[in-house]
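Each remark here refers to the structure printed beneath this line.
The values are calculated or read from the model by the stated rules, or taken from the named source; none is laboratory data. These numbers come from a predicted model, not from an experiment. Using ideal geometry, Cβ is built from the backbone for each residue, glycine included, and neighbour counts are taken over all protein chains shown. When the accessible area is computed, the model is the full protein with side chains, heavy atoms only, and any ligands, DNA or RNA have been set aside. Shrake-Rupley method; radii C 1.70, N 1.55, O 1.52, S 1.80 Å.
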Amino acid sequence: MLRLKLALLNVLRNGRRSFITLLAIQFGVISLILMGGFFASMYEGMREGVIRSQLGHIQIYQEGFNQFGSQQPEEYLIDGEVLQKITKLVEELEQVELVTPRLNFTGLLTDGSRSLAVVVEGINPEKEALLSSAVKLTAGEDLFEEDTEGALIGDGLFKSLNLSVGASLTLMATTADGSFDARDVTVIGAISTGTREVDNRFMRMNLQHAQELMYTEGVTRLVVLLKDTKHTEEVMALLSETFKKQGLALELRSWSDLADYYHEVVNLFDGIFSIVQIIVLAIVLLGIVNTMVMAVMERTQEIGTIRAIGGTRGEVIGLFISEAFILGLIGSVLGVIFAIFLAQGITAAGIMMPTPPGSSQTYPIRIFTEADLLWKNGLYGLLIAVISSIYPAVKASRMLITQALRFA
Amino acid sequence: MAVVKLQGVSRSFPLGNKPIIALDKLDLTLEKGEFVVLKGVSGSGKSTLLNLIGAIDDPSEGEVFIHGQRLSSLSDKQKSQLRSQYIGFIFQAFNLIPVLTALENVQYPLSLQKVANGEAKDRATEALTQVGLADFINRRPNQLSGGQMQRVAIARALVTKPDIILADEPTANLDSETSKQLMDLLGSLNRKTGVTFLFATHHDFVLSRASRILELKDGHIIKDERLKNLNLVDQIPPGEKVG
Ligand SMILES: Nc1ncnc2c1ncn2[C@@H]1O[C@H](COP(=O)(O)OP(=O)(O)O)[C@@H](O)[C@H]1O
Ligand SMILES: [Mg+2]
């Protein structure tokens, strides 16, 4: 009790120095939380963007598709009957928002003079509109089921072919039975998925139109959108069990399995964040170790006295580390509180970010304050304070008592 | 059993190629209840001797025994514990902890011994009462006079009921009137509690309180005198003892 009180009183004794130390710790904690919170919001933006523009949460394929489908996509289609059955099974789950089929193939899009290879996606426009909320219409109008020949063209493709709404094009493709076919399509609008590479060679059309072109009743995949991303694992497990029970030869992929780019970016930024974290903490450490050393120096005689009247080395170390702990605790708690306020302020200010690389959309800065981020960085602030005091504390405990006592 | 025993104790300090010999092969035994005054001019080795007996310094040669324990056989931690249990210090500069009140300063050595807070408070209050500071227990050192601070320090040394209290020129920072009152206090505490005092000074008025006078010169004991008729405390009326 008394020893803890002594530590606390010593912290208060030199107010100015304690204040500076507190500032340094707060600076570290605040900057780490803001940066981490910004990254977290960026990850979330990317994740939801990729889910709601392309991947959905879960994709269902014919068994073998992911291994062999790229060579012979027509061999690994889910056929019409199975499609009905799966759709029903999936829609029954309460975590599911919707499920929609897609037929994917590559084709050649030509305006008569020029031809470009395109990735075609046959879709159910009503359902896809709900799923692909992150897909932005940049010209023209949305696709509807009535637009039997209509097509939405990727933003980049739209520009590179110098298209306009209403233009008529021809789409050629190899059909499911290996012959060659072509259909006319009418440009209804241009879309952006948020990923430039996709937008440069992507188009969407009505599923039925696509199926006619491909001579098939089947689809490449079923895309499932959940009510919340956090249910992904759970629903994956549920579905895979259900399919097995029903004897359906299907395979499942989650958004996370498919979002290679997302994982690369997250890994890269996590790496950057770790380095920044180390740098910031090192700066804070250097900033406060000096004041810790001074706190020890000026109390040399007191240390000698404590040792002479029976304090062990551990006692002296404990005293200085307790003082650092108190400072670290106050600094970290204040840092976390200020960081929350700042994060909310910055998010509310709605400052626009420059367009990130590889992206075609811009968005306002948001800073998340997840509990995980708060307590971890608060803890780092506390640890740094304690670590900064270890060297001076140990040094203090090893001073010669007679010399320490003579120190005035 | 002797409270303190020194056998062939020397202490030298390296200084260039010719070390300073502060103490030279001392043999000394201090008994329980003695009030020993250690005389000697400045530089004669008084502080060095007190530091060795106080287990805060190690001899270059010879052995020191406190409470029957050979100091050279103890670890740093064991020596700390020995100081905590058997030794009290009174310093020239008082050496109180500035952020703590008088009561807390006196409680502190008990908290080092892990004595429970309530008991420590009671014992510290009692010790402060013994030195006449019952009304000042909640003052900080900077709210006390020099004499009062030194009495807090005496209470701090007494509160653990040590075998011996080592006082290195405790009156050097006090005026002569205050010094005399303090000496009377120490004398009376010596008689009441039976604690051994070893008191280094170059003031002569202290000598009248002594039961034994040691004199150091150039690291040698040149005089060791036991007085029969003890100290003046007996002759002072009870009310003034605690001056
Ligand atoms: N730490 C030290 N380093 C070097 N010399 C010292 C040290 N401590 C004491 N001495 C020397 O030892 C001798 C005795 O000193 P000290 O015990 O302080 O004497 P006193 O207390 O009687 O004045 C002196 O010559 C002093 O200079
Ligand atoms: Mg001296």
Checklist outcome for this item: Bridge orientation stat for the protein assembly as shown from DSSP, antiparallel percent rounded to 5, came to 70
Checklist outcome for this item: Taking the reciprocal of mean 1/r across every pair of different Cα atoms in the range A:326-408, the Kirkwood radius in Å is 16.4
Checklist outcome for this item: Out of B:Gly62, B:Gly194, B:Gly118, a Gaussian network model of chain B with alpha-carbon springs under 10 Å gives the largest mean-square fluctuation to B:Gly118
Checklist entry - Where in the range A:310-333 is the amide nitrogen less than 17 Å from a point lying 7 Å along the Cα-to-Cβ axis of B:Gln85? => result A:310-313
Checklist entry - Equivalent-ellipsoid semi-axes (√(5λ), Cα gyration tensor) for the protein assembly as shown, whole Å, largest first? => result 90, 22, 21
Checklist entry - How big is the antiparallel share of DSSP beta bridges in the range A:125-237, given as a percent to the nearest 5? => result 75
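List the GluC sites (Glu not before Pro) within the range A:1-99 that DSSP assigns to loop and that have no more than 11 neighbouring Cβ atoms inside 10 Å. List each step's numbers first, then the result.
Working: sites: A:Glu44, A:Glu48, A:Glu63, A:Glu74, A:Glu75, A:Glu81, A:Glu91, A:Glu92, A:Glu94, A:Glu97; in loops: A:Glu63, A:Glu92, A:Glu94.
For GluC sites (Glu not before Pro) across the range A:1-99 that sit outside H, G, I, E and B with at most 11 neighbouring Cβ atoms in 10 Å, the list reads A:Glu92, A:Glu94.
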Checklist outcome for this item: Counting only backbone N atoms under 13 Å from a point 7 Å out along Cα-to-Cβ of A:Leu383, the residues of the range A:320-350 in range are none
Checklist outcome for this item: The rounded separation in angstrom of the Cα centers of the range B:81-116 and the range B:167-182 is 20
Checklist entry - Residues with amide H under 5 Å of A:Ile191's amide H, sequence separation 5 or more or different chain, H placed in the peptide plane at 1.01 Å from N; which? => result A:Thr138, A:Ile153, A:Gly154, A:Asp155
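Quote the convex hull volume per residue of the range B:2-233, based on C-alpha atoms, as a whole number of Å³.
On the way: hull volume 29.7 nm³, N = 232.
Dividing the Cα hull volume of the range B:2-233 by its residue count gives 128 Å³.
Arrange the residues B:Lys77, A:Lys136 by how much accessible surface each exposes, largest first, with a 1.4 angstrom probe. Mind dumping the intermediate values first?
Values: B:Lys77 120, A:Lys136 100 Å².
Result of the area sort, largest leading: B:Lys77, A:Lys136.
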Item to check | Distance in nm between pseudo-label sites at A:Asp184 and B:Asn17 (7 Å out along the Cβ direction from Cα) | outcome: 11.5
Item to check | Residues whose placed amide H lies under 5 Å from that of B:Leu216, excluding near-sequence neighbours | outcome: B:Lys39, B:Gly40, B:Ile222
Next on the checklist: Which residues does the label zone of A:Glu141 cover in the range A:175-210, counting backbone N under 18 Å from a point 7 Å along Cα→Cβ?
Outcome noted: A:185-191, A:204-206
Checklist entry - Order of A:252-263, A:22-33 by packing, highest average Cβ count within 10 Å first? => result A:22-33, A:252-263
Checklist entry - Quick one: if you stick a label point 7 Å off each Cα along the C-beta vector at B:Ala172 and B:His67, how many nm between them? => result 2.8
Item to check | Spacing of the two label points (7 Å from each Cα toward its C-beta) at A:Lys395 and A:Ser160, in nm | outcome: 6.4
Checklist outcome for this item: Full extension between A:Leu12 and A:Glu92 adds, at 0.36 nm per residue less the Cα distance, a length in nm of 22.5 nm
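If you take the alpha carbon radius of gyration of the range B:20-120 and divide it by 2.2 N^0.38 Å, what ratio comes out, to two decimals? Show your work: numbers first, answer last.
Working: Rg = 15.8 Å, N = 101, 2.2 N^0.38 = 12.7 Å.
Normalised Cα radius of gyration, the range B:20-120: 1.24.
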Checklist entry - What whole number of Å gives the distance from the Cα centroid of the range A:92-133 to the Cα centroid of the range A:258-328? => result 55
Checklist outcome for this item: By the C-alpha gyration tensor axes a ≥ b ≥ c (rounded if a/c is under 1.5, else prolate when a/b exceeds b/c, else oblate), the shape of the range B:145-224 is oblate
Checklist outcome for this item: Taking only Cα atoms of the range A:81-125, the Rg to Rh ratio with Kirkwood Rh works out at 1.24
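If Rh is defined by the Kirkwood formula over all Cα pairs and Rg also comes from Cα, what ratio Rg/Rh do you get for the range A:27-92?
Numbers: Rg = 19.7 Å, Rh = 15.4 Å.
For the range A:27-92, the value is 1.28.
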Checklist entry - Hey, what number do you get for chain A at 222 nm if only DSSP H runs of n ≥ 4 count, each worth -39500 (n - 2.57), divided across all residues, to the nearest 500? => result -18000 deg cm²/dmol
Checklist outcome for this item: chain B, Gaussian network, Cα under 10 Å: of B:Leu100, B:Leu49, B:Leu189, the residue fluctuating most is B:Leu100
Checklist entry - What area, in nm² and to one decimal, does the C-alpha convex hull of the range A:64-248 cast on average over all directions? => result 10.8
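So how strong a dipole does chain A carry about its Cα centre when Lys and Arg Cβ are +1 and Asp and Glu Cβ are -1, to the nearest 20 debye?
Details: 32 positive and 44 negative charges, 790 e Å.
Result for chain A is approximately 3800 debye, rounded to the nearest 20.
Find out how many positive minus negative residues lie around A:Glu91, taking Lys and Arg as positive, Asp and Glu as negative, among other residues whose Cβ is under 12 Å from that of A:Glu91.
On the way: positive: A:Lys85, A:Lys88, A:Lys127; negative: A:Glu92, A:Glu94, A:Glu97.
Charge balance in the 12 Å sphere: 0.
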Checklist entry - If you plug each phi of the range A:281-287 into the Karplus form 6.51 cos²θ - 1.76 cosθ + 1.60 with θ = phi - 60°, what whole-Hz ³J(HN,Hα) values come out, in order, with x for Gly and Pro? => result 5, 5, 5, 4, 4, 4, x
Checklist entry - Across the residues of A:297-309, average count of Cβ atoms on other protein chains within 10 Å? => result 5
Checklist outcome for this item: For the range A:96-201, the percent of all C-alpha pairs falling in each 10 Å bin, from 0 up to the bin holding the max distance, is 14, 49, 31, 5, 0
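From the C-alpha coordinates alone, can you work out the Kirkwood hydrodynamic radius of the range A:292-352, in Å? Please list the in-between numbers first.
Numbers: mean 1/r = 0.0692 Å⁻¹.
This gives a value of 14.5 Å.
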Checklist entry - In the neighborhood of A:Glu128, defined by Cβ-to-Cβ distances under 10 Å, what is the net charge if each Lys or Arg adds +1 and each Asp or Glu adds -1? => result 0
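Please list the equivalent ellipsoid semi-axes of the range B:1-65, computed as the square roots of five times the alpha-carbon gyration tensor eigenvalues, in descending order and whole angstrom.
22, 14, 9
In the range A:268-408, how does Rg compare with the Kirkwood Rh, expressed as the Rg/Rh ratio over alpha carbon atoms? Each step should come with its number before you reach the end.
Details: Rg = 21.2 Å, Rh = 17.9 Å.
So for the range A:268-408, dividing Rg by the Kirkwood Rh gives 1.19.
Calculated from DSSP H runs of 4 or more alone, at -39500 (n - 2.57) each and per residue, what is the 222 nm mean residue ellipticity of chain B, nearest 500?
Values: 6 runs with 75 residues, N = 243.
When only DSSP H runs of four or more count, the value is -9500 deg cm²/dmol.
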Checklist entry - Once you list every other residue whose beta carbon is under 11 Å from the beta carbon of B:Ala155, what net charge do they have if Lys and Arg are +1 and Asp and Glu are -1? => result +2
Checklist entry - For the range B:2-233, what is the percent of antiparallel DSSP beta bridges, rounded to the nearest 5? => result 55
Checklist entry - Across bins of 5 angstrom width beginning at 0, how are the C-alpha pair distances of the range B:81-219 distributed, in whole percent? => result 2, 10, 21, 24, 21, 12, 6, 3, 1, 0
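Using the Cα atoms as the points, what is the convex hull volume per residue of the range A:1-148 in Å³? Don't skip to the answer; put the middle values down first.
Details: hull volume 41.7 nm³, N = 148.
Roughly 282 Å³ of hull volume per residue.
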